[in-house]
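Have a look at the structure below, then the notes.
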Amino acid sequence: MMAAMASEDVLSEPDLRTRVEDGLESFHARLAERLSHDRDQGLLPAISDPETIASVVVTYLQGIWRMALVDYERPRFERQIGAFLTGLGL
């Protein structure tokens, strides 16, 4: 839903833009919190930067959600997501 909302038409409306920004910010914050927790529990490398990783994941998700609207093939997406997360050390 967030990817579909992040269109030029939606973002040109101040109230809708605020809703999109708030949703992305909320998701980013929850993800960064979880990554921090997992790092602190030793599940992620100590050098992991939760804020940066969360930003990269949020950006990646916007693209993959858009691509799923065009051509969704679950096994291919699972391979891509696996490669992406492995590349991030997750």
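The values are calculated or read from the model by the stated rules, or taken from the named source; none is laboratory data. As the structure is a computational prediction, the values presented were derived from the model and not from experiment. Quick reminder, even Gly has a Cβ in these numbers, built from the backbone with ideal geometry, and neighbours come from all protein chains shown. Note: areas computed on protein heavy atoms with side chains; ligands, DNA, RNA excluded. Shrake-Rupley method; radii C 1.70, N 1.55, O 1.52, S 1.80 Å.
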**OP:** May I ask which residue of Pro75, Ser12, Gly87 lies farthest towards the positive end of the charge dipole of the chain, with charges of +1 (Lys, Arg) and -1 (Asp, Glu) on Cβ and the Cα centre as origin?
**Re:** Pro75
**OP:** Could you check how much of the accessible area of the chain is carbon and sulfur, as a whole percent, using a 1.4 Å probe?
**Re:** 57
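Charges at C-beta only: +1 for Lys and Arg, -1 for Asp and Glu. How large is the resulting dipole of the chain about its Cα centre, in Debye rounded to 20?
400
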Subject >> Order of exposure, largest accessible area first, which applies to Thr18, Thr59 with probe 1.4 Å >> reply: Thr59, Thr18
**OP:** Tell me the label-point distance for the pair Ala46, Glu25, using the 7 Å Cα-to-Cβ offset, in nm and rounded to one decimal.
**Re:** 3.4
**OP:** Return the distance in nm (one decimal) between the two label points of a simple spin-label model at Arg76 and Leu16, each offset 7 Å from Cα along Cα→Cβ.
**Re:** 2.9
Original post:
Hey, what angle do you get for helix 74-87 against the long axis of the chain, alpha-carbon based, 0 to 90 degrees rounded to 10?
Top reply: 50
